[in-house]
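Written out below as structure tokens is the structure these notes cover.
The values are calculated or read from the model by the stated rules, or taken from the named source; none is laboratory data. Model, not experiment: these values are computed from the prediction. As a convention, Cβ positions derive from the backbone with ideal geometry for all residues, glycine included, and neighbour counts pool all protein chains shown.
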Ligand SMILES: [Zn+2]
């Protein structure tokens, strides 16, 4: 374990453009329930899952009704404002401050990276504290709209302050496509990075799961002198992929990742950051 932490720290220090992908494993360490685990939200309430599959269709068919229902029922994730970032979130924010980590691309909707003061965060599946225009993709803080008042005044659905389009939750619902700006930038980052650290996700939910696979395909060409003195062009992987997860994942098994550090992200990430600082001293 200690050796792998050292190795990850060295890989990070030697990288030119490192990014992190994060998933549910990071949030559960802050006490947020997952969806499909043994005590997950869907596992305990399959009916809620069935309804969740209808949500996007409802929005398209009748946005007013979508909002009425949304405002009338409590959030499935409970009171996210009371949840706090854990040492894993703070470690990634610190790694960004050192200039090593360029972006965090997260599957989580809980805003915990931003609250730990990471600046460059892509919310791949949206953010529970934001609203999004279905037409122009503009994001707004939920606080910018007094939704209960709009409801009382019969003015739902809310309208975009930029283009007048219909506003929905920023969170990406089942069967809803990932917003184009997010897919575009994530793919660009996956293509650009020379180090990817994947924290607390087995990356089996698509299209998010494409990101490590896209990165893996990238090769750089180097010239190698052969025994006969002729230079041969050799293609070598252009990216190092590190996994931090409680269990091995399909990425480990398919050889997409170079190595796995097994354990809790809230314990491993702070140790990696400590090692990075030691190396750079
Ligand atoms: Zn708009």
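Structural remarks
- Considering 40, 23, the condition of being in contact (Cβ under 8 Å) with a residue 12 or more places away in the chain and within 25 Å of residue 247 (Cβ to Cβ) is satisfied by 23 alone.
- Residue count, segment 166-181 (criterion: out of contact with any helix residue (DSSP H, G or I) (no Cβ under 6 Å at 6 or more places or on another chain) and buried (at least 18 other Cβ atoms within 10 Å of the Cβ)): 6
- Scanning segment 73-84 for residues that are at pLDDT 95 or above and closer than 26 Å to residue 8 by Cβ turns up at least one hit.
- Residue count, segment 136-165 (criterion: touching a helix residue (DSSP H, G or I) at 6+ places or on another chain (Cβ under 6 Å) and either at positive phi or surrounded by fewer than 17 Cβ atoms within 10 Å (Cβ to Cβ) (or both)): 1
- Of all residues in segment 65-80, exactly one satisfies the criterion of being assigned to a helix (DSSP H, G or I) and under 19 Å from the mean Cα position of the chain (by Cα), namely 80.
Residue-by-condition table, conditions (1) modelled with pLDDT of 90 or more; (2) touching a strand residue (DSSP E or B) at 6+ places or on another chain (Cβ under 9 Å); (3) in a helix (DSSP H, G or I); (4) farther than 18 Å from residue 107 by Cα:
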| position | (1), (2), (3), (4) |
| --- | --- |
| 203 | no, yes, no, no |
| 206 | no, no, no, no |
| 214 | yes, no, yes, no |
| 232 | no, yes, no, yes |
| 235 | no, yes, no, yes |
| 252 | yes, yes, yes, yes |
| 255 | yes, no, no, yes |
| 261 | yes, yes, no, yes |
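- Residue count for segment 177-189 satisfying the condition of being within 16 Å of the ligand (Cβ to nearest atom) and assigned to a loop (DSSP other than H, G, I, E, B): 1.
- Every test in (1) free of Cβ contacts under 8 Å to residues at least 60 places away in the same chain; (2) closer than 30 Å to residue 263 by Cα is passed by residue 69 save one, and that test is (2).
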